[in-house]
Structure formats: structure tokens, C-alpha cells
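Visitor: Okay, handing you the structure first.
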């Protein structure tokens, strides 16, 4: 087994190298950085519900949330159905989590740590599971390409460039909460075992392929699109006829039914246990709008455009398809049709940008096809040193940009990958976070308010202002640790409002404690200033606040230096009230 693993030294080295980068910036004890987060909380919940709590009403979730997750990181994944609630996600990926969950649970019981499914030992094992499947996904990636008459070296180069040059870096190093690395593994393994069955006609590879096919199907409904990849890599109708004949043999039927049935029945059983119904549409109001796909935004928007955040593929797809057209028009047609269908379907989902993150994560599942096209390009340019040099330079730039953008999104320089054009280019290759708000085009400016901060300004309801360099300011000092309290006259603040708070600040000392505190109907939001302030220099700072309910009382704001001796001056205070019912 060890020899098999080390025979894939390059994917192993790549995986371990990224794992080192991951661990270098990961704090498992930080409630904001837990690997079991976001969507993973929903997929993973099946395991503690089954093996620890025996509770498919998920009554244990509120206690777990209070213990391990801040409010902003508590995933809402239960949908009311009939007299019960259903976990909105499909359970397939939970089976991939299972070995690592069981290891963690055994270690927790042996060590006497909290065996509740969510303590640090579970978080670490869950995290290591993703890296295991990433490595295996790369191994099967190379295996499939070798089966397609791609040389060993070209297959390795292709896997390296696809991993390092795409958003797979972000969804391994920074975000472990989604299913796409797991889908990448399952799809690549499925293709390999189907091709192997085509070669030897033995049941074992077919049985594994059928197991993976069923598992893929109960992970995400849209995974049915994997059929297009199967037809691409095996575009042979005779094979499918022989496959059907083989499967319909009585001996094989008796082996196939338990494999497929044992997996495909799982969601139906879970629906029945949770709601009393055998069939449930667990996504509630979420669905597809096929009459209005976001095609151009899906591909090219600065918000989450696939080619904007993975520009490597803007080159790879057209050139790879060109070489494919010259060598195999059948595969070219299937590939073109496959990408057209995928982009149309994915861009028709109600949340076509698929939440925060980097680029279009849903495309990661099918990177084996992009890798094949990339390998074709590499093979076709081998005879030209100039072409190889140009491509190497291009790939190096794309990999560098990919790591830079992943870092920017992780550290909030580009907010969740949901940038506007202004934010994207204003922060291009910048690694310093700016306190600036970039309004989206669909935000409507309802009202703005500029404060003079003079003693006569009615916005000052407590404290005093100071004239500094002929400009009225409020400030914090060693003897006045709270600034004047300021009251906004913005009206009709409610859910959908986006309140932009703007001001300029100048530090007179090295700042670590000073912060701005905003009060919305007794709910306080605190923003630190230390990352942005510069000594003896005015810095423009903007913050965004989005209320989640109607605000009855006027918004209040003041500055506080944390009881320290820090001195900071503030001027040119403005409030802008934008509104949009749509998040993005």
C-alpha cells in the first residue's frame, strides 16, 4: 500500500505541500476557522445524528452551535416539511466523511475528550479527510489520463497545473466546507474503474464504478451531469450495449442490486425517518430558473465569474478544444455539449454565484475534462521550444495569480470573491486589506447624511468636538477615552438596507485598541481600526452594516480607545443608506 502511494510522488508532494500551507495558517481552536463549517455542517450532521445522538430531529444542534460556533457561523440547514424538519442536503458525502468521523470518535472516547462529534479531534480528522480525498482525486486524475493515451509526464504536469492554477487551491487550503474536492475524487475514480472494466470485463471494477456512481448521485442532484463525462471518456455505443447485456445477466443482477440499491435507498430512508414521507424536496424555495440563466455573470463577472477567478481555463478550454477537434471530432462535440449544458444548468440555480468563496466552485467536480484538454495542449506543443516557453510562462502567471486571489478572498481583501469591478482592480495583487465599501450596481442610494461635527451639529448628542487644523473633529485621548456620541438621522433602516459609514482618522500613536462602536436598537457592532490607521496621516475608512430587521431607534456611533492612552482624531463623517432586496 505504501509503495502504491509513493509511486505517485508528485501528487503526494503537492498534497503535502499545500497541507503545510494550510496548517501554517489554521487555528482549529478558533471558532471562526473550524473545518466543519458552512455547508459541511449540514452534510456532516447525519453522522453525529446517527452514531452519537440517535436524533434525526437534530435537537442537539442548538447546543453544539452555542458551544462551538459563533452566531455568524451557525449554518441553517433544516427545512420544515409536514410535521417534521429535514436536513436540506443529500447524504452522499457523509459516507466519505464516515471513516474519519469513526477514527475521531474512537480517539475521543479513548482520550476522554468531548465525544460529541464536534470537538477539536473531530475537526482535525474531518480536515485530514479532505486532504486524503484530494490526494486520491489527483491519483485517479493521472490514472484516467494515462488510460487515454496521455504520457505519464504530461498527465502529471496536467494534474499539477490544474491543482495549482485553479480554485481547487482555495477549496483545500482555505475552505473545507463544500463537496467539490470529494466530487473531484469520486468522478475521477468512477471514470477510471469504468475504463478498466471496458478493458478487462471483470465485475470488480464495475462494482466499484456502480458504487461510486450511486454515491455521486446521492451527494448532489446535479451530479447526474457526470453522465456527460462518461460519454466523453468512453464514446463507444458498443461498450454501452455490452455493458447492458453484462449487467442483465442473472448472476450480475444479484450482485448489482445490493450495490446500487444499498446506496440509492439511503436518502429515502432518511426522508422517511425525518418527515414521515418517502420523497421530499428538501431545498424548499430554492430551485432552478431555466428561463433566466446568468450565463455571462457565471463566466465573466467580477462577482464570481469562472474565468475571472480561474483565468487558466480561459486559455485551456478553447485551445484544448481546438486540438481535440483536429484529432477526435466526436469527443469535441461531446465536450462542447457537456460544457454548454453544465454552464446553463449551474447558472440557472437561484443562487448562481453559490455563496461566498472563490469563483465557480461547482466546476471543480469536472476538472478531469479540463485536465484532459490541458494534456492535449501540452502534447501538441512539445516540438516547439518557443510554444513550451510561452505556455510555461503563462501557466506560472496563472498559478501566481490564483494563489494571490485565493489569499485576497480568504483575508477579505476581495469580499468572499464577490467583488465589484472597482473593488477587483482597486485591489489587484494587493495584499493589504482596505477599509472601503464598494457598492454594487443594483444597490439603490436612498439617503445620505454628512456630519459637520461642529459644536452646533445636532448629531452630537453627548460629548464635544474639537477644532483641529481648521476642521471639526471628534477624538479619543488618554483623558477622554470615549469620543462624542453621534446620532444618525437615516430613516427606514430595515432588512435589505446597506449602511455605509465613512470617516477619516489620524492616529497620534501606535494603535492597537481603538475601535468604532455602532448601536442598532441595542445591538452593538464593533469594528477595530488598528489594521488601517497610520501615525500622523489621515486615512479614509469605510464600514458596511446590514441590519437583519427593522430598526426603530436612530443609529448611534462612538469611538473608544479601550481604556488606553491612544489618541486618534476623526473627521469628515458621512452615512450613506443603500437598499437592495437581493444579496448579490
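Visitor: Please determine, in degrees from 0 to 90 and to the nearest 10, the orientation of helix 152-165 with respect to the longest principal axis defined by the Cα atoms of the chain, where the helix direction is its Cα long axis.
Guide: The helix 152-165 is inclined about 20 degrees to the chain.
Visitor: In whole angstrom, how far apart do the alpha carbon centroids of the range 553-576 and the range 99-123 sit?
Guide: Centre-to-centre distance over Cα atoms comes out at 45 Å.
Visitor: Right, something else. If you average over every viewing direction, what projected area does the convex hull of the Cα atoms of the range 294-368 give, in nm²?
Guide: Details: hull surface 19.1 nm².
Its average projected convex-hull area is 4.8 nm².
Visitor: Per 0.36 nm of contour for each residue apart, how much would the distance between residue 491 and residue 283 grow if the chain were fully extended, relative to their Cα-Cα spacing?
Guide: Details: separation 208, 0.36 × 208 = 74.88 nm, distance 3.53 nm.
Length difference between fully extended and current span is 71.3 nm.
Visitor: Moving on. Would you report the distance distribution of C-alpha pairs in the range 444-579 as whole percents per 5 angstrom bin, up to the bin with the largest distance?
Guide: Binned Cα distances yield the sequence 2, 11, 21, 24, 20, 13, 7, 2, 0.
Visitor: Cα centroids of the range 284-347 and the range 428-507: how far apart, whole angstrom?
Guide: 44 Å
Visitor: From Cα pairs below 8 angstrom and at least 6 apart in sequence, can you work out the relative contact order of the range 444-579, rounded to a whole percent? Before the final figure, lay out the partial values.
Guide: Values: 354 pairs, mean separation 54.6, N = 136.
Once normalised by length, the contact order is 40 percent.
Visitor: Oh, and also: Looking only at the range 62-82, which residues have a backbone nitrogen under 20 Å from a spot 7 Å from the Cα of residue 114 in the C-beta direction?
Guide: 62-77
Visitor: So what is the relative contact order of the chain, in percent, for Cα pairs below 8 Å that sit 6 or more residues apart?
Guide: Relative contact order for the chain comes out at 12 percent.
Visitor: Provide the three semi-axes, in whole Å and in decreasing order, of the ellipsoid equivalent to the range 196-334 as defined by the square roots of 5 times the Cα gyration tensor eigenvalues. The partial results should precede the final answer.
Guide: On the way: eigenvalues 212, 156, 25 Å².
Equivalent-ellipsoid dimensions as semi-axes: 33, 28, 11 Å.
Visitor: Next up: Could you give the angle, 0 to 90 degrees to the nearest 10, between helix 385-410's Cα long axis and the longest principal axis of the Cα atoms of the chain?
Guide: Helix 385-410 sits at roughly 50 degrees to that axis.
Visitor: In deg cm²/dmol, rounded to 500, what helix-only [θ] at 222 nm does the chain give when every DSSP H run of at least 4 residues adds -39500 (n - 2.57) and the total is split over its residues? Please report the intermediate quantities before stating the final value.
Guide: On the way: 20 runs with 267 residues, N = 584.
Helix-only estimate at 222 nm: -14500 deg cm²/dmol.
Visitor: Using only Cα atoms, locate the centre of the range 362-408 and the centre of the range 162-232, then give the distance between them in Å, rounded to an integer.
Guide: So the separation of the two Cα centres works out to 21 Å.
Visitor: Would you mind checking the radius of gyration and Dmax of the range 413-452 based on alpha-carbon positions, in Å?
Guide: Over the range 413-452's Cα set, Rg and Dmax evaluate to 12.6, 36 Å.
Visitor: Still on this model: Could you state the angle between the C-alpha long axis of helix 120-147 and the longest principal axis of the C-alpha atoms of the chain, as a value from 0 to 90 degrees rounded to the nearest 10?
Guide: For 120-147 against the chain, the angle is about 50 degrees.
Visitor: Let me know the whole percent of all Cα-Cα pairs from the chain that are separated by more than 45 Å. All intermediate terms of the calculation are to be shown ahead of the outcome.
Guide: Working: 44124 of 170236 pairs.
For the chain, the fraction of Cα-Cα distances above 45 Å is 26 percent.
Visitor: Given the convex hull over the Cα atoms of the range 128-247, what projected area results after averaging over all orientations, in nm²?
Guide: Details: hull surface 31.2 nm².
Taking the Cα atoms of the range 128-247, their convex hull projects to 7.8 nm² on average.
Visitor: Over the alpha carbons of the range 329-372, what is the largest minus smallest coordinate on each principal axis, giving the biggest first in Å?
Guide: Result, largest extent first: 37, 20, 11 Å.
Visitor: I've got another one for you. By count of other Cβ within 10 Å, fewest leading, how are 28, 338, 431 ordered?
Guide: Details: 28 15, 338 19, 431 10.
Listed from fewest to most nearby Cβ atoms, that is 431, 28, 338.
Visitor: Which value, in Å to one decimal place, does the Kirkwood hydrodynamic radius take for the range 11-108 when every pair of different Cα atoms is included? The partial results should precede the final answer.
Guide: Values: mean 1/r = 0.0661 Å⁻¹.
It works out to 15.1 Å.
Visitor: Could you quote the convex hull projected area for the range 462-529, Cα atoms only and averaged over all directions, in nm²?
Guide: Working: hull surface 23.7 nm².
Here the figure is 5.9 nm², rounded to one decimal.
FYI, it's all coordinate maths here, none of it is from the lab. A quick note: this is a predicted structure, and the numbers were derived from the prediction, not measured. So basically every Cβ, Gly included, is an ideal-geometry build from the backbone, and we count neighbours across all protein chains shown.
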